[in-house]
Amino acid sequence: MSATSTRARSAPRARLERNRPRLTGRAAALLIAVVLLVGMAMVPIGHYLEQRAAIADLERRAARLEDRNATLRAEISKLHDVAELEKLARECLGMVAPGEVAFVTPGEAPGEADC
């Protein structure tokens, strides 16, 4: 009876110890491999995020330059207008048409803010 009762008592203990998770050599190697892979993946991910930020910055700059180009194109098309050229010649350069008389007021400087 004592032999069977000893076996009966040791079997449940072995099951309890077996159910407990333990770190085996394979599990440790797998854990180390996963940690190394994650660590090695951090560098390319960092480069990817930096490049994505740089692309976004370049796209913002390109949009600003496109707006500036559109403004300059509108100004160029305005300068092809004869009336606009005459207005600039009168205001900025103080020119007058043939046959007109120009009056200059002493002490007053011509405004060259828009010229």
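The values are calculated or read from the model by the stated rules, or taken from the named source; none is laboratory data. Predicted model, so just to flag it, every value in this text is computed and none were measured. Note that each Cβ is placed from the backbone with ideal geometry, even for glycine, and that neighbours are counted across all protein chains shown.
Taking the conditions (1) assigned to a loop (DSSP other than H, G, I, E, B); (2) modelled with pLDDT of 90 or more in turn, Ile55 satisfies each one other than (1). When the test is whether a residue is exposed (fewer than 10 other Cβ atoms within 10 Å of the Cβ) and small (Gly, Ala, Ser), Gly39 passes it. Selection of region 94-108 for residues being surrounded by 10 or more Cβ atoms within 10 Å (Cβ to Cβ) and either on the phi > 0 side of the Ramachandran plot or β-branched (Val, Ile, Thr) (or both) yields Gly94, Val96. Tell me which of these Ala102 doesn't satisfy, since it passes every other one: (1) out of contact with any helix residue (DSSP H, G or I) (no Cβ under 9 Å at 6 or more places or on another chain); (2) part of a helix (DSSP H, G or I). Ala102 satisfies every listed condition except (2). Here is the figure for region 75-93: residues that are surrounded by 12 or more Cβ atoms within 10 Å (Cβ to Cβ) and touching a helix residue (DSSP H, G or I) at 6+ places or on another chain (Cβ under 7 Å) total 3.
Just name the residue that is farthest from Cys115 (Cα to Cα) out of those in region 58-103 that are at pLDDT 95 or above and either of a type in the set (Lys, Arg) or in contact with an Asp or Glu (Cβ under 7 Å, 6 or more places away or on another chain) (or both). So, considering only residues that are at pLDDT 95 or above and either of a type in the set (Lys, Arg) or in contact with an Asp or Glu (Cβ under 7 Å, 6 or more places away or on another chain) (or both), the one farthest from Cys115 (Cα to Cα) is Arg60.
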